[in-house]
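Student: Pasting a structure here, questions to come.
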Amino acid sequence: MNFLMISFILLARTAKDSTSFDPSMLYLILALVGIFLFVLLLVFTRARLFPLIKLGYINLAYGRYSYEFLEFFKDNNLRNPHNNCIKDEISMHFIAFYKPMKNSRFFQTETKIEFGDIPFLMSYKALIKIKGEPECINVTRFGDSRVKVVGFNETLQNMKIKSMFYFLEDLFVMGEYQFTDLIKTKTADLLAPISVKYMKGETVEADNFYITDPEGDKINYEDNGFSIAVRYYFRGDQTINQTLDSIFGNVGINEETLIRTMKHEELLNRF
């Protein structure tokens, strides 16, 4: 305010003392006033302006479906602009392979476990080239490792399903089919192809079971009464195994490990 008063006094004095007024003085004063107002505006909008500039850069450099883009919203306690694939924690879907569910049955198969026609260890970019932009996405961290889940809505035998792909440091390590419309979903129709492909047609009567192939890859079938999930877990890379084992390896033995695991995932659920 004092700056503005001084500017107007100088302008009035200049007009009084000079018979021929120099307009350049007016332009200079107006420029100084404009700079002052711009700085003042910048000070009050800095908290919002700088994050928007950063978000714009992240969008251009990495894309709207990148880990960096989604982590920005999580770190700033903002709503995820995309749909979430899962409502619970990502870690819970991995824990199923480290802490078997109660009353589960266990089977061995001689057939290599595969998740459809998408091979394990495929990169995220390669998947997007095949399936297009995902319809839902979640991100988190397991320790220092970045984890991303992307999902696609599909139809199988007139049943709506969601296929989800779990990436650890941009490598596909677990796939999951989720069936939520149990009215239209017949358990026998789901179990039949699994039984034929991996269990030589053996009949399975269980809400939860596991299948393991010779290379250690696993399938987990879970029917919790509200939805059915079929997960395919890859165990063919030692580096990935060491990372996940360091996070989940002791979950089934020590409950404190489970709590520590959840903390690794930053259970703020800000999305």
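The values are calculated or read from the model by the stated rules, or taken from the named source; none is laboratory data. None of these values were measured; they are calculated from a predicted model. All Cβ positions, even for glycine, are placed from backbone atoms using ideal geometry, and neighbour counts span all protein chains on display. Keep in mind that these areas ignore ligands, DNA and RNA; they rest on the heavy atoms of the full protein, side chains included. Shrake-Rupley method; radii C 1.70, N 1.55, O 1.52, S 1.80 Å.
Student: Determine whether Ile194 is of a type in the set (A, V, I, L, M) and open to solvent by 20 Å² or more (accessible area, probe 1.4 Å).
Tutor: no
Student: On to the next question. With the requirement that a residue be surrounded by 13 or more Cβ atoms within 10 Å (Cβ to Cβ) and at pLDDT below 90, what does the stretch 93-125 give you?
Tutor: Those that are surrounded by 13 or more Cβ atoms within 10 Å (Cβ to Cβ) and at pLDDT below 90: Lys99, Pro100, Met101.
Student: While we're looking at this one, here's another question. Name the single residue that is modelled with the lowest pLDDT among those in the stretch 231-243 being in contact with a strand residue (DSSP E or B) (Cβ under 7 Å, 6 or more places away or on another chain) and part of a helix (DSSP H, G or I).
Tutor: Looking at residues that are in contact with a strand residue (DSSP E or B) (Cβ under 7 Å, 6 or more places away or on another chain) and part of a helix (DSSP H, G or I), I get Thr243.
Student: Is there a residue being open to solvent by less than 20 Å² (accessible area, probe 1.4 Å) and under 18 Å from the mean Cα position of the chain (by Cα) anywhere in the stretch 152-161? Before you say what the answer is, go through the steps one by one.
Tutor: Residues of the stretch 152-161 that are open to solvent by less than 20 Å² (accessible area, probe 1.4 Å), as a first pass: 152, 159, 161.
If we keep only those that are under 18 Å from the mean Cα position of the chain (by Cα) as well, we get 152.
Looking through the stretch 152-161, at least one residue is open to solvent by less than 20 Å² (accessible area, probe 1.4 Å) and under 18 Å from the mean Cα position of the chain (by Cα).
Student: Something else: Is there a residue in the stretch 192-211 that is more than 20 Å from the chain's Cα centre (by Cα), hydroxyl-bearing (Ser, Thr, Tyr) and in a strand (DSSP E or B)?
Tutor: Yes, because at least one residue in the stretch 192-211 is more than 20 Å from the chain's Cα centre (by Cα), hydroxyl-bearing (Ser, Thr, Tyr) and in a strand (DSSP E or B).
Student: Hey, another quick one. Suppose we keep only residues that are of a type in the set (Val, Ile, Thr) and surrounded by fewer than 19 Cβ atoms within 10 Å (Cβ to Cβ) within the stretch 128-148. Which one would you say is farthest from the chain's Cα centre (by Cα)?
Tutor: Checking each candidate, the answer is Ile130.
Student: Closer than 16 Å to Lys99 by Cα and at pLDDT below 95, is that true of Thr257?
Tutor: yes
Student: What is the residue count in the stretch 155-176 for residues that are of a type in the set (Asp, Glu) and in a strand (DSSP E or B)?
Tutor: Counting residues in the stretch 155-176 that are of a type in the set (Asp, Glu) and in a strand (DSSP E or B) gives 1.
Student: Right, here's the next one. Of all residues in the stretch 197-231 being in contact (Cβ under 8 Å) with a residue 24 or more places away in the chain and basic (Lys, Arg), which is surrounded by the most Cβ atoms within 10 Å (Cβ to Cβ)?
Tutor: Restricting to residues being in contact (Cβ under 8 Å) with a residue 24 or more places away in the chain and basic (Lys, Arg), the top hit is Arg231.
Student: Looking at this structure, is Lys125 more than 13 Å from the chain's Cα centre (by Cα) and part of a strand (DSSP E or B)?
Tutor: Working: more than 13 Å from the chain's Cα centre (by Cα): yes; part of a strand (DSSP E or B): no.
No; evaluated as a whole, the condition is false for this residue.
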